[in-house]
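Working notes, structure below.
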DNA sequence: TATGAATGAGTTTTCATTCAT
DNA sequence: AATGAATGAAAACTCATTCAT
C-alpha cells in the first residue's frame, strides 16, 4: 500500500478521532484495533507506535475530550465581567449542554455498551468541574447571593444527581414534560443554593417564557 | 467425576452465589464460566442448563439481589405504625445501608471492573425504590411534614446524587470527615424536603450525638 | 412432571413425528435432542430408551417415510388390472408427486440445511423404486409398447435426472413455464422409452389440454 | 514459534490446499480449524485473517476448484476448429472426467461425510457448465447434427442424471460392466440428442473397440 | 418406562499485541 | 514512521449422551 507519512501529532489525532467515533457508535469493547486502523487507512502496527495499548488510547481520547470542556468552564469561572448569578447560570448551561453541538454527544453515549466510556467521562468531568463550580458558589456565598451551609457536599450530591437527571430527559421529545422538568430543576437548584435568582436553559429549544 | 444431583432451584442458587462472589472479586468481564462452575464443582455444561448466557445470569443475579432490598423497603413504606418522619428515616437508612451487613456489598462493587454490575444494580434500585419513596413523601406533604413543589423531580435528582455521595464516602475511615458528611447530607435532605425533622444514620458506626 | 406411560410403538412414533418435523424445518444438524423431547413433552433420557443415537433415529425416520411410498409403488407395479402405459404413468405420477399431499414434502426439504436428509431419502427412494420401475419397463418392452436397448441404465440416468428436474420446478409458480417443462419431460421420457404413449401429470394443477 | 511471513495469496492457497485435502479425507464437519492450521504450521488466528469462517472457506475452496474446470470447458465450447460432434464429445469427456488426474477427485468425494461439499460442487458445476453445453447443442441443432425439441430441458435432466451415473460407476473395477455402462450411456445420449454420432470416453482405461 | 439434572469434550471464533521488513 | 502478516491464548457456548432415581 502507498505509504503516507504524516506529522506525529496529526496521525495521533486522526487515530483518536476514528476511535472516539467508533467507541461511541459500537462501544469500547466491541471496537477492535482493526476497526480503528481501517477507518484511518493505516497499518495495524501503526496503532502501537502511537499508543501503548487499547486502554491507553481510551484514556487519551477521554482526556482530550474533557480538557476542552474544562477549559471552557475555567474561562467562565475566572471571567470577572460576569456577576455571580450570570456566571453560575452560564457555567451550568455550558456544563450540562456540553456536547450538544458536538455530534459525538449523541444518544450513543447513553447506551449500555458505553458504560465504561460514559462513566470515565462523567467521573473525570465531575472531578474537574466541581472545584471550579465550588469556587463560584463560595464567591456567591461571600456576596450573599447564595446561602447554604455545605457548599462542597451540596455539589457532591447535586452534580451527579443533575447529570443523571439531564441524561434521563435529554432525548425526551415531549415539550410539556421538558418544560416541567426544567422548572423543577430550577426550583431544586435554587432551593439547594438558598436563592431564587437562578434560571436555567439546559434543555435545548425549551422556551422559558 | 462423581455425579451429584441436586434440586434445580438449589443448584441455580449455588451457581448464582458463586458467580456473584466472583463478579465482585474479579469483575464481570474477568470472571469466566469455567471459574464459576469450578467453584461449584460441576460441569461446564450445567451452567448453560440453567442460564442462557453469561449476561442472562448477571441479570438473574442482580434481580435476586435487588428483590430482597425492595421487599424490605416496601414493608417500611406500608408500615402504618410509623409516623412519616420515622418512616422516611428508616427507609433512607435501609436504602443506603443495604449491603452493609452483607459481605457482598464490599469495596469490590466500587471498582472500575464492576462498572456494569454496579450500574445495573443502581439503575434497578433507583427504578424500584423511587416510587416507594415518592409515596412516603407525598404522604408527608399531605400531612404537612414536608413541603416541596416537585417531589418526583426532587427524588430523580436526589436519589442518584445521594447514592453517589454515599458510595464516595462509604469506606472513608476518617471519623471526623464522615461526621461532617453526614450532617451535610442531613442538612441538604431537610432543605430539599422543606423540613428539619429528618435525622440520618446512613454511615455505619457514625455517632449521632 | 406427570409421568405418562404409553405404548412403546406409539411413543416411538410420536418422537419420530416430532423429529421429522423439526429436521425439515430446522435441518438435522440444527435440531437438538432437547428440541425433540420438548416438543413431545417427555424427558431427555427417554429418547435414548427408544433410539441408540441421533443418527439412528434419522435412519428410522427416513425408513418409515420411504417405506410408505415404496409400498404404494409396489402395489401399482403388481396391479395387473392396468395396461402398461397406464401403469407406467401412474407409477411415475405417484413417484414424483409423493409428498405433495404430505405436509412434509415442503419447500423445507430443498434447503441447504437438509442436504443430508434429502440425499438420504433420494438415495433410498431411487434404490428401492428403480427395480420396481424396471420391472414395468421390461414388461412394456416385452409387450412392444416400449422400445429401448438399455432399460436399467436408462433408469439409472433418468430417475435421478428427473428427480432433480422435478425438484427444481416443483415450487415454480409460473403456469406457463410449468406447462412447457411438463411437455418437455413428457417428450424426453417418451423418447427414452421409444414410445409416444406416455402422458404425465407430475406437476400439481397443471392442465394437460 | 518461528514466524514465517509469506505472500498473502500464497498463504491463502496453502490454507485452502490443506483444507480441501482434509475436507475430502475426513469430511467437512469433522475437519476442525485446528486441523487445518496445524497442517500448514501456522497459528489458529491466521485462518480468520484470511477467511471469515469455516463455511466461507468452503465456498472459496469450491470456487477455486470449479473455476478451473469451467475454464477448460469454456475453451472447448469456443474452439471453432472442432466440428460439433467432436466438440460435444470433448466437452462431455472433459466434464465427466474432470478430477481424474486430480488426486483430489478421489473416492473421498462420494462418501456420506462429504455430502455438503459434493453437493455444492455438483450444483455449481451444473449451473455453470449447462449453459456452455446448451450453446454447443443449439449449434448442433442448427447444423442438423442433433435433433431434439427441448434442448434446455434435456440438459436439465441429462446432466444431473449423468453425473449420478458416472459417480456410481467411476470406481467400478469390473471391466465388463464398465464397458456395458459406457455403451449404454452412449446410446442414451445419442437417443436424447436425436443423433448417432456421439462416442464417449468417459470411463478411464475403457477400451473402445 | 420415565425423569431431568449432570457430564465434558470439543469447536469456532475473537483480538490485542508482536515483529520482521 | 509505516506495513501487514502472524501470533496464540483465551473464552463462550453447544449438545449428544449418561445415569441415579
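Listed by first and then second residue, the pairs linking a residue in segment D:38-58 that is within 15 Å of residue D:7 (Cα to Cα) and away from every other protein chain (no Cβ under 14 Å) to a residue that is near DNA strand E (Cβ under 10 Å from one of its atoms) and assigned to a helix (DSSP H, G or I), with Cβ atoms under 6 Å apart and 6 or more places separating them unless they lie on different chains, are D:47/D:33; D:47/D:37. Report yes if residue B:37 is within 14 Å of DNA strand E (Cβ to nearest atom), closer than 26 Å to residue C:32 by Cα and surrounded by 13 or more Cβ atoms within 10 Å (Cβ to Cβ), otherwise no. Yes: the conditions hold for residue B:37.
If you go through segment C:141-152 and keep only what is in a helix (DSSP H, G or I) and over 24 Å from the mean Cα position of the chain (by Cα), you end up with C:141, C:142.
Residue check, residue D:10 against (1) part of a helix (DSSP H, G or I); (2) within 15 Å of DNA strand E (Cβ to nearest atom); (3) within 14 Å of chain C (Cβ to nearest Cβ), all met but one. Which one? Here residue D:10 meets the rest and fails (3). With the structure loaded, tell me whether residue B:56 is exposed (fewer than 13 other Cβ atoms within 10 Å of the Cβ), within 26 Å of residue C:32 (Cβ to Cβ) and away from DNA strand E (no atom under 15 Å from the Cβ) or whether it fails that test. Against the criterion (exposed (fewer than 13 other Cβ atoms within 10 Å of the Cβ), within 26 Å of residue C:32 (Cβ to Cβ) and away from DNA strand E (no atom under 15 Å from the Cβ)), residue B:56 qualifies. Please verify whether residue B:59 is more than 15 Å from DNA strand F (Cβ to nearest atom) and assigned to a helix (DSSP H, G or I), treating the condition exactly as stated. Criteria not met by residue B:59. Which pairs have Cβ atoms under 6 Å, sit 6 or more apart or on different chains, and link a residue in segment A:17-34 that is within 14 Å of chain B (Cβ to nearest Cβ) to one that is part of a helix (DSSP H, G or I) and more than 10 Å from DNA strand E (Cβ to nearest atom)? What qualifies is A:27/A:113; A:27/A:114; A:28/A:116; A:28/A:117. Only one of the numbered conditions (1) out of contact with any helix residue (DSSP H, G or I) (no Cβ under 6 Å at 6 or more places or on another chain); (2) farther than 25 Å from residue B:119 by Cα; (3) at pLDDT 95 or above is violated by residue B:40, and that is (1). Taken over segment D:69-90, the residue count meeting the criterion of being out of contact with any helix residue (DSSP H, G or I) (no Cβ under 8 Å at 6 or more places or on another chain) and either near DNA strand E (Cβ under 8 Å from one of its atoms) or not in a helix (DSSP H, G or I) (or both) is 4. Residues that are at pLDDT 95 or above, away from DNA strand F (no atom under 16 Å from the Cβ) and over 18 Å from the mean Cα position of the chain (by Cα) do occur in segment B:5-12.
Evaluation of residue A:130 against the conditions (1) within 19 Å of residue B:163 (Cα to Cα); (2) within 10 Å of another protein chain (Cβ to nearest Cβ); (3) at pLDDT 90 or above shows that the sole unmet condition is (2). Scan segment B:22-32 and give yes if some residue there is touching a helix residue (DSSP H, G or I) at 6+ places or on another chain (Cβ under 9 Å), away from DNA strand F (no atom under 14 Å from the Cβ) and within 14 Å of residue B:62 (Cα to Cα), otherwise no. Within segment B:22-32, one or more residues are touching a helix residue (DSSP H, G or I) at 6+ places or on another chain (Cβ under 9 Å), away from DNA strand F (no atom under 14 Å from the Cβ) and within 14 Å of residue B:62 (Cα to Cα). Within segment C:156-175, being within 10 Å of another protein chain (Cβ to nearest Cβ) and without any contact (Cβ under 8 Å) to a residue 40 or more places away in the chain holds for C:156, C:157, C:158, C:159, C:160, C:161, C:164, C:165, C:168, C:169. I'd like to check something: does segment B:140-163 contain any residue that is modelled with pLDDT of 85 or more and at positive phi? Looking through segment B:140-163, at least one residue is modelled with pLDDT of 85 or more and at positive phi.
Here residue C:46 meets each of (1) near DNA strand F (Cβ under 10 Å from one of its atoms); (2) assigned by TED's automatic domain parsing to the domain that holds residue C:147 with one exception, condition (2). Annotation note: Cβ proximity below 7 Å between a residue of segment A:67-87 that is closer than 22 Å to residue A:193 by Cα and a residue that is surrounded by fewer than 12 Cβ atoms within 10 Å (Cβ to Cβ) (sequence gap 6+ or interchain) occurs for A:84/A:143.
Total residues in segment A:21-34 satisfying the condition of being outside any loop (DSSP other than H, G, I, E, B), near DNA strand E (Cβ under 8 Å from one of its atoms) and within 27 Å of the chain's Cα centre (by Cα): the figure is 1.
Taking the conditions (1) touching a helix residue (DSSP H, G or I) at 6+ places or on another chain (Cβ under 8 Å); (2) assigned to a helix (DSSP H, G or I); (3) more than 10 Å from every other protein chain (Cβ to nearest Cβ); (4) modelled with pLDDT of 90 or more in turn, residue D:184 satisfies each one other than (3).
Report yes if residue B:66 is within 14 Å of chain A (Cβ to nearest Cβ), on the phi < 0 side of the Ramachandran plot, part of a helix (DSSP H, G or I) and away from DNA strand F (no atom under 11 Å from the Cβ), otherwise no. Judged against the criteria, residue B:66 is not a match. For residue B:202, indicate whether it is in contact (Cβ under 8 Å) with a residue 40 or more places away in the chain and either part of a loop (DSSP other than H, G, I, E, B) or more than 16 Å from residue B:91 (Cβ to Cβ) (or both). Against the criterion (in contact (Cβ under 8 Å) with a residue 40 or more places away in the chain and either part of a loop (DSSP other than H, G, I, E, B) or more than 16 Å from residue B:91 (Cβ to Cβ) (or both)), residue B:202 qualifies.
The values are calculated or read from the model by the stated rules, or taken from the named source; none is laboratory data. Owing to the predicted nature of the structure, the values given are computational and were not obtained by experimental measurement. In this analysis, Cβ positions are derived from the backbone assuming ideal geometry, glycine residues included, and neighbour counts consider all displayed protein chains.
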